[in-house]
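Remarks on the structure that follows.
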């Protein structure tokens, strides 16, 4: 009886994930409106926009891909290969995020791991990982799945809305949508203030990635965070080794 009561139901885990992710869910709807508008301008239809958002789930990667397609005059010819390459390079950062979350989850089969983490985004990682470290839910894999699912769904809704709204958004509203993104990330980062290493890496990434981009291109999103993370890990372990 007590063991059953201490094991939360799926619905309670869902609401826990919803309370943890509401900031992302609300902001993703707004943020991905811009992604949907870019996809419409690049020649993608609503279904293609929905699929792209589901399988990419990264506004920077999608914006880069749409910019490539726009500069090539549309989604034709070899532009798709270039755009896909940019998405893959930018999203290689998820390898580190997925590995970090997997280390905090119970051992799972490959299909279950893909189902749990397949929809992970940088924002859902920023919420899930500190939670798994500081206050692990009793059903961590289900919690992460619901968290990622809610964030992905809101991103898809936003991108489809943006696609349908293409050409109807005023410059003033566009400026407001653009302002939401830095405010959102600042708020999300502030919620992790207790995790000083995460804060340090996030701030360093915000400063160093743009500085390295002219030299490294889109790979700066992977190379710079990995290099700085390796440095912070080495510095943290050094006193223990001495």
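Of the residues in the stretch 181-201, at least one is within 21 Å of residue 52 (Cβ to Cβ), surrounded by fewer than 16 Cβ atoms within 10 Å (Cβ to Cβ), in contact with a helix residue (DSSP H, G or I) (Cβ under 6 Å, 6 or more places away or on another chain) and at pLDDT below 60. Which members of the stretch 100-136 meet the condition of being in contact (Cβ under 8 Å) with a residue 12 or more places away in the chain, part of a loop (DSSP other than H, G, I, E, B) and over 20 Å from residue 54 (Cα atoms)? Matches in the stretch 100-136: 104, 105, 106, 108, 136. The single condition among (1) farther than 20 Å from residue 64 by Cβ; (2) assigned to a helix (DSSP H, G or I); (3) at pLDDT below 70 that residue 218 does not satisfy is (1).
The values are calculated or read from the model by the stated rules, or taken from the named source; none is laboratory data. Owing to the predicted nature of the structure, the values given are computational and were not obtained by experimental measurement. As a convention, Cβ positions derive from the backbone with ideal geometry for all residues, glycine included, and neighbour counts pool all protein chains shown.
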